[in-house]
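*Asks:* Sharing a structure with you now.
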Amino acid sequence: MRASAAYVLLACAAAQLVGATPPVHVHDPVGSVQGLIGRLLGANYISSFELDVIAADPDTGNDVFELDAAEGKVVLRGNSGASALLRGVGCAMSV
């Protein structure tokens, strides 16, 4: 953990010296959940899930997820990978 934090600080300092912007890490919630499905169930099960990102609850901003089935696949929709989509995976596994 300390090494990665030191790397980020070093990269930011180097970027300031040369006038460049530091690299930006893009969060991919669908890819993250697909990776987890592959690690937990096996890579051959990733294609059994259809994952979509949707908006949070417009009134409260709370996380939301939807669980459905279509064309032989488990369909999960959620506003974030870490909480909503993973919650949907947990619910799908308990059915």
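The values are calculated or read from the model by the stated rules, or taken from the named source; none is laboratory data. Just so it is clear, the structure is predicted and the values come from calculations on it, not from any experiment. Positions of Cβ are backbone-derived with ideal geometry, glycine not excepted, and every protein chain shown enters the neighbour counts.
*Asks:* Just one of (1) at pLDDT 90 or above; (2) within 15 Å of Leu85 (Cβ to Cβ); (3) part of a helix (DSSP H, G or I) trips up Ser47, so point out which.
*Replies:* With (1) at pLDDT 90 or above; (2) within 15 Å of Leu85 (Cβ to Cβ); (3) part of a helix (DSSP H, G or I) applied to Ser47, the lone miss is (2).
*Asks:* Between a residue in the range 79-95 that is without any contact (Cβ under 8 Å) to a residue 12 or more places away in the chain and any residue that is among the acidic types (Asp, Glu) and not in a loop (DSSP other than H, G, I, E, B), which pairs come within a Cβ distance under 9 Å, given they are 6 or more apart or on different chains?
*Replies:* Listed pairs, sorted by first residue: none to list.
*Asks:* Just to verify a result, which residue in the range 49-63, among those that are touching a helix residue (DSSP H, G or I) at 6+ places or on another chain (Cβ under 8 Å) and within 12 Å of Leu76 (Cα to Cα), is surrounded by the fewest Cβ atoms within 10 Å (Cβ to Cβ)?
*Replies:* Here the answer is Asp52.
*Asks:* Among the residues of the range 64-95, write down those that are acidic (Asp, Glu) and surrounded by 12 or more Cβ atoms within 10 Å (Cβ to Cβ). Don't jump to the end; show me each part of the working.
*Replies:* So the first thing to find is which residues in the range 64-95 are acidic (Asp, Glu), and the list is 66, 68, 71.
Listed by number, the residues that qualify are Glu66, Asp68.
*Asks:* Let me ask something else about it. So which residues in the range 55-90 are modelled with pLDDT of 85 or more and either within 12 Å of the chain's Cα centre (by Cα) or assigned to a helix (DSSP H, G or I) (or both), if there are any at all? Break it down stepwise before answering.
*Replies:* In the first step, residues of the range 55-90 are kept if they are modelled with pLDDT of 85 or more; the result is 55-79.
Scanning the range 55-90 gives Arg77, Gly78, Asn79.
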